[in-house]
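The structure under discussion appears below in the form of structure tokens.
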Amino acid sequence: MSQANNDGIKVIDAEPAPTTNTANSNNAFQGANAILNNTLDSFANLSSRLNPFTQKLNKGLGQVRQFAQEKLGTAENITELPQEYKDLEKRVDALRSVQANLLKISRTFNSSSYDYPIQIQDSLIGISNTVTREIQHLTISSAADRSDVEEQQQQQQQQPNTLLHGLSRVAAQGAESIGIEEPLGTALFKYSTITSKVADARVKMDRTIVEKFNKPMQATLNSSLDQALKARRHVQSIRLTLDACKSRYRSARPEKLEAARLEVEQAEDQFVAAVEEATHLMKTALENPEPFRNLADLVNAQLQYFKEAQELLSDLAPELDEIQVTQESLYRNNHT
């Protein structure tokens, strides 16, 4: 029986060992282990009558027996995994946790209304708009004029419910109510126009983040990382099978010793192959450059939005300052 292979995978020797009395063993564990063994032996005897499923069922029962014994602390000679493999597991777990946590937050961008919690105020505005529409329909005589009004109202309804779109709509309604010819009406109209453009830029950023960050990041979790996790689960399954085979070999009767030894060697080969496959998939997942590209796309989307918002608001601010200075001068002249 081999002790270790060239990849550093340690395989414990499974040669039969003489039984020893363990006076300090926990009686409760021994009792639980005995009950477990009797139950699984009964299933194994039953499975012998259920061909062609006997071999598969016995293999599964062996895994269950081994897993339960390890949990009870009664299993012996558990096969160790290479340190490199265990280090890769920790790194993959950390990578998966980081990506999953980022997605928990960035999924916010999937819904453009994430910053618009004022549903009550919006409902009041909707009631006001309904009343206004009814008055307009009564006062507008031309079918063409009525069509223009309905088109404007439809465009407003199609706007996303974001905070900036809400501010733009309210400012536009205020400008219309006060009158565009009034200084405050002019200021509100300018603010509404620019804020609407900034809001549209933010929605565009949201969509870009969803397409270039959220979806690719989720795809990575579902592909390379998921494949690595499945390979790791396969390693654990094969490892339980291997240790179950070694346990059977240690307790095999002389006439079944050779068959049990061959079973252990076959399980060892499967275990080594599974570890190599899982190691390869974990390294592939860790070396995947996609998360770097996704993060860069996230930053670029944010940069584009803030740049466009800065340019729009930089043009608006001087105009509002000029209106404010003019009104302040008029106010002082009229009250001195």
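The values are calculated or read from the model by the stated rules, or taken from the named source; none is laboratory data. This is a predicted model, so every value here is computed, not measured. A quick note on method: Cβ atoms are made from the backbone with ideal geometry, for glycine too, and the neighbour counts reach across all protein chains shown. Quick note on the areas: whole protein, heavy atoms, side chains included, nothing else; ligands and nucleic acids left out. Shrake-Rupley method; radii C 1.70, N 1.55, O 1.52, S 1.80 Å.
Quick notes on this one:
- Among residues of region 99-120 being open to solvent by 80 Å² or more (accessible area, probe 1.4 Å) and not basic (Lys, Arg), the one that is farthest from GLU277 (Cα to Cα) is ILE120.
- The residues listed here are GLU308, GLU276; of these, the one that is in a helix (DSSP H, G or I) and touching a Lys or Arg at 6+ places or on another chain (Cβ under 9 Å) is GLU308.
- Which numbered condition ALA309 misses (of (1) open to solvent by 80 Å² or more (accessible area, probe 1.4 Å); (2) in contact (Cβ under 8 Å) with a residue 40 or more places away in the chain; (3) of a type in the set (A, V, I, L, M, F, W, C)): (1)
- Condition check for GLU89: open to solvent by less than 70 Å² (accessible area, probe 1.4 Å), at pLDDT below 60 and among the charged types (D, E, K, R): no
- Considered as a group, the residues in region 189-205 that are open to solvent by less than 20 Å² (accessible area, probe 1.4 Å) and under 32 Å from the mean Cα position of the chain (by Cα) include one that is farthest from GLY166 (Cα to Cα), and that residue is MET205.
- Test: GLU265 is over 34 Å from the mean Cα position of the chain (by Cα) and within 20 Å of GLU80 (Cβ to Cβ): yes
- Residue within region 276-289 that is crowded, with 18+ Cβ neighbours inside 10 Å, without any contact (Cβ under 8 Å) to a residue 40 or more places away in the chain and within 20 Å of GLU80 (Cβ to Cβ) present: no
- Candidates in region 247-262 are the residues that are surrounded by fewer than 16 Cβ atoms within 10 Å (Cβ to Cβ) and of a type outside the set (D, E, K, R); of these, the one that is farthest from the chain's Cα centre (by Cα) is PRO254.
- A count restricted to region 61-86 and to residues that are assigned to a helix (DSSP H, G or I), modelled with pLDDT of 65 or more and among the acidic types (Asp, Glu) stands at 1.
- Taken over region 313-330, the criterion of being hydroxyl-bearing (Ser, Thr, Tyr) and within 19 Å of LEU188 (Cα to Cα) is satisfied by SER314, THR326.
- Qualifying residue in region 206-227 (condition: in contact with a Phe, Trp or Tyr (Cβ under 6 Å, 6 or more places away or on another chain), crowded, with 17+ Cβ neighbours inside 10 Å, at pLDDT 95 or above and among the charged types (D, E, K, R)): yes
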